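Each remark here refers to the structure printed beneath this line.
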Amino acid sequence: MPPPTDERAVFGARLRTVLDRLAETVEAIPERHIDERVLADGNTPAIIVAHVTGSARGGVLAIGCGLEVDRDRVSEFAAEGGSPEVLAAGLRTLADELSAALLDVPPGRLDEVTTPPQAILGLVPQQEMARRAGVLSTIAHASEHLGELMFIKDTFAER
């Protein structure tokens, strides 16, 4: 099957790749480590999954697609528990949700400029942005947390 050329499908495929890799990585972490930090001020695997989920829904669904989304960033960073399999399944479901939503976006919608609510943006200062920027930022942000989760997994493996 040839790679997608429609921008919305390309973004959905890239998000799926990153979220699938996050899912595979969290599945490789023993459940006893899901709420453990390898760095005193670092994130746990459960927090990473919750945070990527919240930020991705905000960046893709709210900013990119213009849908109503509630985000509670404080809760993302207080997340605890869940088996690796359940956390991974949630990431894969998220990939389905984001890909489908992007395909439903009318052509040209990603060119629109919007000012997302501060709650969706997290620590990023509120500002005007193209809807496309919300999607691209989500891909980059999820990729950064993939690297963090891989580091955590490798650190646990060395113990």
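The values are calculated or read from the model by the stated rules, or taken from the named source; none is laboratory data. Everything quoted here is computed from the prediction, not taken from an experiment. Using ideal geometry, Cβ is built from the backbone for each residue, glycine included, and neighbour counts are taken over all protein chains shown. What goes into the accessible areas is simple: the full protein's heavy atoms, side chains included, and nothing from ligands, DNA or RNA. Shrake-Rupley method; radii C 1.70, N 1.55, O 1.52, S 1.80 Å.
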### Query
Using the heavy atoms of the protein chains alone and a 1.4 angstrom probe, what is the accessible area of the range 1-144 per residue in square angstrom?
51
### Query
How much accessible surface does V86 have with a 1.4 Å probe, in Å² rounded to 10?
100
### Task
Once you have the Kirkwood Rh of the range 1-51 from its Cα pairs, apply Stokes-Einstein at 4 °C and 1.567 mPa s and quote D in µm²/s.
101
### Task
Write out the GluC sites (Glu not before Pro) in the range 28-126 meeting two conditions: DSSP loop, and at most 10 other Cβ atoms within 10 Å of their Cβ.
E68, E80
#### Entry: Mean separation of Cα contacts under 8 Å, 6 or more apart, over the residue count of the range 15-159: relative contact order %
36
### Ranked by how many other beta carbons lie within 10 Å on average, peptides 15-21, 48-54 from highest
48-54, 15-21
### Kirkwood Rh and Cα Rg combined as Rg over Rh, evaluated for the chain
0.99
### Query
Where the centroid of each part is defined by its Cα atoms, how far is the range 92-159 from the range 17-35 in Å?
18
### Query
Using a 1.4 Å probe on the protein chains only, how many percent of the accessible area of the chain belongs to carbon and sulfur?
55
### Residue among A13, G90, A28 farthest towards the positive dipole end of the range 1-120, charges placed on Cβ
A13
#### Entry: Simple Cβ-charge dipole of the chain, Lys/Arg +1 and Asp/Glu -1, about Cα centre, in debye nearest 20
260
